[in-house]
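**Student:** The following block contains the structure, expressed as structure tokens.
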Amino acid sequence: MIFWVILFSQEQPILRKKLFLGYDCAISISSRKRIADKLEELKVSKLSFKSIVGIAQYLNPIIRGWVYYYGKFKMYKLTKVFMLLSKRLVWWARKRYKRYKTSIRKAYKWLENVRKQYPTLFYHWNFSQINIIA
């Protein structure tokens with residue numbers, strides 16, 4: 001982002017302009033792309049764990065690293081990343097459980113119920129700034 005700062009000098013009645021380069025401490029688009037590629041590489045939907053707890057134990061160190069590195073200043077900027085993770089978890093549930101194969105809405109409802117029952121299962125569920133399922 002580029003901000004123009006206009007300064008008025010008491011000694012000089014003329015208007016001076018200075019260029020100020022400001023920045024926003026948030027996750028960049030390229031970083032989100034790298035995280036999405038990492039999720040694709042992990043193939044969450046094809047993990048063969050028997051329960052969601054196994055998936056959480058596998059993913060929590062990775063999620064914790066993303067939160068510590070990218071979420072240090074503005075946690076809510078990670079919302080899109082964790083929406084993608086939720087989508088991947090729903091895909092996993094649809095492959096794992098027959099009752100969710102035909103209804104994506106039921107799979108999302110299942111994930112919401114898991115979050116209500118076990119609010120600390122996934123590391124990012126501990127933060128109110130990222131209060132999303134999908």
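The values are calculated or read from the model by the stated rules, or taken from the named source; none is laboratory data. Only a predicted model underlies this, so the values are computations on that prediction, with no experimental measurement involved. As a convention, Cβ positions derive from the backbone with ideal geometry for all residues, glycine included, and neighbour counts pool all protein chains shown. Heavy atoms of the whole protein, side chains included, go into the accessibility calculation; ligands, DNA and RNA do not. Shrake-Rupley method; radii C 1.70, N 1.55, O 1.52, S 1.80 Å.
**Student:** So if I check each of LEU39, LEU47, which one is surrounded by 12 or more Cβ atoms within 10 Å (Cβ to Cβ), modelled with pLDDT under 90 and more than 19 Å from HIS124 (Cα to Cα)?
**Tutor:** LEU47 is the lone residue from the list that is surrounded by 12 or more Cβ atoms within 10 Å (Cβ to Cβ), modelled with pLDDT under 90 and more than 19 Å from HIS124 (Cα to Cα).
**Student:** Follow-up question, since we're still on this one. Within the bounds of region 114-121, is there any residue that is among the hydrophobic types (A, V, I, L, M, F, W, C), in a loop (DSSP other than H, G, I, E, B) and exposed (fewer than 14 other Cβ atoms within 10 Å of the Cβ)?
**Tutor:** no
**Student:** What number of residues in region 66-110 are over 19 Å from ALA36 (Cα atoms), in a helix (DSSP H, G or I), open to solvent by 30 Å² or more (accessible area, probe 1.4 Å) and not charged (D, E, K, R)?
**Tutor:** Number of matching residues: 3.
**Student:** Of all the residues that make up region 67-102, how many are free of Cβ contacts under 8 Å to residues at least 12 places away in the same chain, over 16 Å from ASN113 (Cα atoms) and charged (D, E, K, R)?
**Tutor:** Selection size over region 67-102: 3.
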